[in-house]
Amino acid sequence: MKQIKTLLLLLFSFSAFSQELKGKVISVKDGDTIELLVDGKSIRIRLAAIDCPEKSQAFGMDAKKYTSDFCFGKEAIAKQKDIDKYGRIVAFVFVNGAELNKNLVINGFAWHYKKYSNDANLDEFEKKARINKLGLWAGENPLEPWEFRKLSK
């Protein structure tokens, strides 16, 4: 009986963090946080595996603009991976089959957030963006957002 309860708990935990949300993007808070209208309810989504510059940081508003241009007012699918400490759903977001998270890194508007992801593809996309000096990599000495937040406290 104990094994069955453990198995059910594992299955519930997996399904709770792998749901798919479909809705319209009604707000872009910053480069890596959006709001999705799902069944009349606004749900805040934090993009998984990446970290964009803060709005007050160099290229922060550029990252927000990229995200807005990519998804604002459009139908999107958020594939949930987790819930963060602020209660936001952490997800990969897709618009017309294109992944926002990945495209932010490819175009130099986000870091691969290695603390929370070991995706080798995102590593490669970031390396290529750095080499080609795309987006924030065109600036001098880009500061990781997690380091910027530490300095801002």
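The values are calculated or read from the model by the stated rules, or taken from the named source; none is laboratory data. This structure is a prediction, so every number in the text was calculated from the model and none was measured. We place every Cβ from the backbone using ideal geometry, glycine too, and count neighbours over all the protein chains shown. Each accessible area value is taken on the protein alone, full model and side chains, heavy atoms only, with ligands, DNA and RNA left out. Shrake-Rupley method; radii C 1.70, N 1.55, O 1.52, S 1.80 Å.
Numbers at a glance
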{"item": "Total charge dipole magnitude, the chain, about the Cα centre, Cβ charges on Lys, Arg, Asp, Glu only, Debye to nearest 20", "result": "440"}
{"item": "Solvent-accessible ranking of L134, L151, L36, largest area first, probe 1.4 Å", "result": "L151, L134, L36"}
{"item": "Estimated [θ] at 222 nm from DSSP helical runs (n ≥ 4, -39500 (n - 2.57)) normalised by residues in the chain, nearest 500", "result": "-10500 deg cm²/dmol"}
{"item": "Share, in percent, of DSSP beta bridges within the chain that are antiparallel, nearest 5", "result": "90"}
{"item": "D82 versus A120: modelled label distance in nm, points set 7 Å from Cα along the beta carbon direction", "result": "2.2"}
{"item": "K41 paired with N141, simple spin-label distance in nm, labels 7 Å along Cα-to-beta-carbon", "result": "4.6"}
{"item": "The chain, accessible area per residue, ligands and nucleic acids excluded (1.4 Å, Å²)", "result": "61"}
{"item": "The range 40-100 - share of DSSP beta bridges that are antiparallel (%, nearest 5)", "result": "75"}
{"item": "Cross-link table K41/K153; K81/K114; K74/K133; K79/K153, entries beyond 24 Å C-alpha to C-alpha", "result": "K41/K153; K74/K133; K79/K153"}
{"item": "Relative packing of 108-116, 73-81, 139-147, 45-53, which averages over residues the other C-beta atoms within 10 Å, highest first", "result": "45-53, 108-116, 73-81, 139-147"}
